[in-house]
Structures are given as structure tokens and as C-alpha cells.
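Reviewing the structure listed below.
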Amino acid sequence: AQSVTQLDSQVPVFEEAPVELRCNYSSSVSVYLFWYVQYPNQGLQLLLKYLSGSTLVKGINGFEAEFNKSQTSFHLRKPSVHISDTAEYFCAVSYGGATNKLIFGTGTLLAVQP
Amino acid sequence: EAQVTQNPRYLITVTGKKLTVTCSQNMNHEYMSWYRQDPGLGLRQIYYSMNVEVTDKGDVPEGYKVSRKEKRNFPLILESPSPNQTSLYFCASSGPGNTIYFGEGSWLTVV
């Protein structure tokens, strides 16, 4: 079955430190990959997406992610986090090239401490 | 401005009292869907619609109904809500450009 795994339910980090949020998906011939952010009591905001081309994708707010086909991963990174980055982050995948349905991971809460 | 609008945003209701959560998009998208978000489970698709009068079940359709009479609207209907349907609900639409737009979410509590 198609699935997305975010192994870390919570990642605590100090302000200005680097962070990596991990995402792995079940293997498929063709995938589109997304990261969404959800700030407290708000909706979902698209951070970045990978559809094709360069495996390093840059998104908003200084985040980037790298598509690694051999490891079926799409980890999210930021070199220096701010308090305002505290939020829940969801990795999502659409399989077979169809972007209409997303399979979501269970989310990772990024908790940035001063 | 591209928008997906859901109403109500917050609702507390009682078991068995029918309710409808409306969803409207202004992007002329053909595809619309509903998700529910639960702690530790992420978001799961409830129903989707490929176009007007075309709907199909997602991963967790039990207890829900939908309709797609117009392209812009895709209401979610809970005929007899139960406490296990307490959740945060998101409507989404997508079209050309491989981007899915989400609404702001609807917090539903069934007591």
C-alpha cells in the first residue's frame, strides 16, 4: 500500500540551529512530493513541492528539500530556524503522477526554543 | 485571489443532528476533495470529485456524503454525526499546475 512515513513526531531545536525533518515514502515509479506547514489553529500552507527536474527544491521561509529516489526520501531542511518556525510540518505524496490525491504523513511538530 | 472557502469554521453539534459543511472554490477547478485531520494520523481523504456529478470514496468515507451539483461547490454532509467524527476538516481543490489549494479548515465537535 502507498504510504508516507514521518518517523519523528516532534523535533525540539534551539533558535538559529539547523534542522532536518525526515520523510520517506513507499516506492513508486512516479511521485510528486510536497511539504506543508500548519501554524497553530491555522490551515495548511504549501512550503515547497517536487514535480520533476532538480532534486533540490527551495521553498518559502528559507526551507529546502532534497528528493532522493534511491532512498525514497524527501527530507526538509533549514540551516537556521526561528521561533516563528514553530509549527506542524506535513510531508505528502501523490503517486502515479496524479496530483489530485495526496497521501499525508502523520506530521512532525517542530518546536523551536529560545 | 485564489481561494477555497469553508463554512462553518467552528461547530459544536450533538450526536445524530444532520449537518453540512460547505466548500466553495473560485479557480474553476475540476477536482475537489475532503480530508479529515486527526492527531497522530495526519490527513486522510474522505471523498473526492473529478467533476460535476462525479464523486467517489476516499480512504475514510464511512458516515459522510458529498454532492457536486456545481463545479465551484462541494459540500460535506454528515447525516447522523457521531463523536468519532469530531475532527478538523479540510476542503481542497486542484487544477492545472499541480498545486492543491486547501481551505482554512473546519473544526467540528460532536458531543
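Normalise the Cα radius of gyration of the protein assembly as shown by 2.2 N^0.38 Å (N = residues in it) and let me know the number.
Compactness ratio reported: 1.02.
Give me the one-decimal nm value for the distance between modelled label points at B:LEU11 and A:TYR39, 7 Å along each residue's Cα-to-Cβ direction. Modelled inter-label distance: 2.7 nm. Normalised by the residues of chain B, what does the relative contact order come to in percent, with Cα pairs under 8 Å and at least six apart? Relative contact order for chain B comes out at 36 percent.
Anything over 19 Å Cα to Cα? Flag those among A:LYS49/A:LYS69; A:LYS49/B:LYS71; B:LYS18/B:LYS65; A:LYS58/A:LYS101; A:LYS101/B:LYS57; A:LYS49/A:LYS78, in the order listed. In this structure, A:LYS49/B:LYS71; A:LYS58/A:LYS101 lie more than 19 Å apart at Cα. Projecting the Cα atoms of A:SER94, A:ILE83, B:TYR47 onto the dipole axis of the protein assembly as shown, where Lys and Arg carry +1 and Asp and Glu carry -1 at the beta carbon, places B:TYR47 farthest toward the positive end.
The alpha carbon centroids of the range B:47-91 and the range A:15-44 are separated by 25 Å. Percent of Cα-Cα pairs more than 19 Å apart in chain A, please. Summing the P(r) tail past 19 Å for chain A gives 40 percent. Annotation: amide H-H contacts under 5 Å for A:VAL11 (H modelled 1.01 Å from N, sequence separation of 5 or more, or interchain): A:LEU109, A:LEU110, A:ALA111.
If you take all other residues with their beta carbon under 14 Å from the beta carbon of B:GLN45, and give Lys and Arg +1 and Asp and Glu -1, the sum is 0. Within 10 Å of the Cβ of each residue in B:34-46, the mean number of Cβ atoms contributed by other protein chains is 4. When you work out D = kT/(6 pi eta Rh) for chain B at 20 °C and 1.002 mPa s, using the Kirkwood radius from C-alpha pairs as Rh and the Stokes-Einstein form, the result is 155 µm²/s.
The charge dipole of chain B, taken about the Cα centre with unit charges on the Cβ atoms of Lys, Arg (+1) and Asp, Glu (-1), comes to about 240 debye, rounded to the nearest 20. Given +1 at the Cβ of Lys and Arg, -1 at the Cβ of Asp and Glu and no other charges, the dipole of chain A around its Cα centre is 420 debye to the nearest 20.
Values in this text are rule-based calculations from the coordinates and carry no lab data. Not measured: the values here are computed from a predicted model. Glycine gets a Cβ as well: all are built from the backbone with ideal geometry, and neighbour counts include every protein chain shown.
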